[in-house]
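These notes are about the structure you will find just below.
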Amino acid sequence: MKLKNLSMSLACGALIVSSLQSHAEFIRSTDANGAGLHTATTYGFTEAGLTGDEVVTNQYAGVIFAPNLHQSQQRCDSFNSNMTFPCLANFSGFVAGVTTPWEMIFSEVQSQAGFHLITNSGNTTLFEAYLGTNLVESISVATDLSSLDNFYGFKGISFDRIQVTTSGDAFMLLDDLTFGTKTPQEQITDLIIKLDATVVTNGTFLSGGLKTSLTASLGGALDQLDSAVGSNVAAAQGKLNAFIHKVQAQSSKQLPTTTANELIDSANAIIAQLQNGQ
């Protein structure tokens, strides 16, 4: 087990370029800046003041690691120059066994989150983003010790939980967890942009009357949140609900069911944020 024994056999893992093309919401980059993340919160895992091989669950505000990770004593920076000591691990230096899958559960709905992650070479890691019990996005990529494009995550979707499953020997080190919810206005803008890349049932991009109607509802919500004229949250929620109703009406018709559900989930997440006064 190379991570645990500090072995340095560093075969390079393959970058799965198709993941960036067919899963636009998935991040694979060198760091948060390269991924274009809005960095409201970043944990390098020094912040909780933990020492030794301690179990980590809820010591970091805004996120819970389940069932648990460990504050690792591995010199993760000796494996990969993107990592800094200390890191979190899905194994203990004192107890046999590896935890996989494991989850990071956020206290609020997120629109973006990313983190550095390394595994032993030859492994594959499955990343899954959930909103409640609904799987929003997932992708499986080759992971290793040495690749520098080892900052993974999701953006442009709404989720409150990320589950990570590593195959092979499953040993994993985690660093630089970055997350933070965008403002409702930013998320609505992202949703408008997403409409440009939405593929309808016949395989073409969304256009015509449906796109115009959906964009108008989202634009109306933005107008209602315009601080220059005074924010009207209730009216903005009404516009977002109108957007949801229009999408529901076209689910499995002009819009594939999966696509419609993603758009509805994103709009509902914005409504929930507005209701919470964020």
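Bear in mind that the values in this text are calculations on the coordinates, not laboratory data. Since the model is a prediction, treat every value here as computed from it, not as a measurement. Here Cβ is always computed from backbone atoms with ideal geometry, including for glycine, and neighbour counts include all displayed protein chains.
Selection within segment 238-269: residues that are without any contact (Cβ under 8 Å) to a residue 40 or more places away in the chain and among the basic types (Lys, Arg). The member of this set that is surrounded by the most Cβ atoms within 10 Å (Cβ to Cβ) is Lys239. Criterion applied to Asp169, Asp144, Asp196, Asp176 was being among the acidic types (Asp, Glu) and more than 23 Å from Asn80 (Cα to Cα), and the one residue passing it is Asp196. Among the residues making up segment 63-75, those that are buried (at least 18 other Cβ atoms within 10 Å of the Cβ) and not aliphatic (A, V, I, L, M) are Phe65, His70, Gln71, Ser72, Gln74. Just so you know, in segment 248-278 the residues that are more than 24 Å from the chain's Cα centre (by Cα) and part of a helix (DSSP H, G or I) include one that is nearest to Pro184 (Cα to Cα), and it is Gln248. Every test in (1) polar (S, T, N, Q); (2) free of Cβ contacts under 8 Å to residues at least 60 places away in the same chain; (3) touching a Cys at 6+ places or on another chain (Cβ under 8 Å) is passed by Asn202 save one, and that test is (3). Taking the criterion of being part of a loop (DSSP other than H, G, I, E, B) and under 15 Å from Lys253 (Cα atoms), the residues of segment 195-229 that qualify are Thr198, Val200, Thr201, Asn202, Gly203, Thr204, Leu206, Ser207. Of the strands (runs of 3 or more DSSP E) lying entirely inside segment 37-90, those carrying at least 2 residues that are free of Cβ contacts under 8 Å to residues at least 60 places away in the same chain are 63-66, 69-72.
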